[in-house]
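Quick notes on the structure that follows.
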Amino acid sequence: MPCPNRKTVKTYLTPEEYGQVTAMAVQAGLSVSTFMKRVCLGQEVRSKEDQQVVISLHKTNADLGRLGGLFKLALASGQSRGLTFECRGLLRQIEKSQAEVMKICRSMAEKK
């Protein structure tokens, strides 16, 4: 049911063009209407895959943060007797991996 405060825009597409628009909308996880609105207004349209990669990177970063926290706790509590050197090395690797994940997140954010 049309909303009185909204206007409809019509366009004619060939079956091939309509197929392309529909496929792109599905790839972005949007309805055809929302997809066309965003494209026509120059708004960002991200694919579902991009969105899933960003979510996955954030989860990985959180996991690395938790793991680093556990290592710090072990070092602080003295439970890592004899393993302090190895734990510190692992902690540095975790922090390095976390920095790499954040770098990837930032580069993806800049691309939008």
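Determine if segment 54-72 includes at least one residue that is surrounded by 11 or more Cβ atoms within 10 Å (Cβ to Cβ), over 22 Å from residue 99 (Cα atoms), modelled with pLDDT of 70 or more and of a type in the set (A, V, I, L, M). Within segment 54-72, none of the residues are surrounded by 11 or more Cβ atoms within 10 Å (Cβ to Cβ), over 22 Å from residue 99 (Cα atoms), modelled with pLDDT of 70 or more and of a type in the set (A, V, I, L, M).
A single member of 44, 49 is acidic (Asp, Glu) and either at pLDDT 85 or above or outside any loop (DSSP other than H, G, I, E, B) (or both), and it is 49.
Taking the conditions (1) within 14 Å of residue 102 (Cβ to Cβ); (2) outside the structural domain of residue 96 (by TED's automatic domain parsing) in turn, residue 30 satisfies each one other than (1).
Among the candidates 90, 75, which residue alone is aliphatic (A, V, I, L, M) and at pLDDT 75 or above?
Working: 75 fails: at pLDDT 75 or above.
Just one listed residue meets the conditions, 90.
Applying the criterion of being hydrophobic (A, V, I, L, M, F, W, C) and modelled with pLDDT under 90 to the residues of segment 2-23, the residue that is farthest from residue 40 (Cα to Cα) is 3. When segment 33-53 is filtered for residues that are more than 30 Å from residue 102 (Cβ to Cβ) and of a type in the set (Ser, Thr, Tyr), the ones remaining, listed by number, are 33, 34.
The values are calculated or read from the model by the stated rules, or taken from the named source; none is laboratory data. From a predicted model like this one, the values you see are computed outputs, not experimental measurements. Ideal geometry is used to build each Cβ from the backbone, glycine not excepted, and the neighbour counts take in all protein chains shown.
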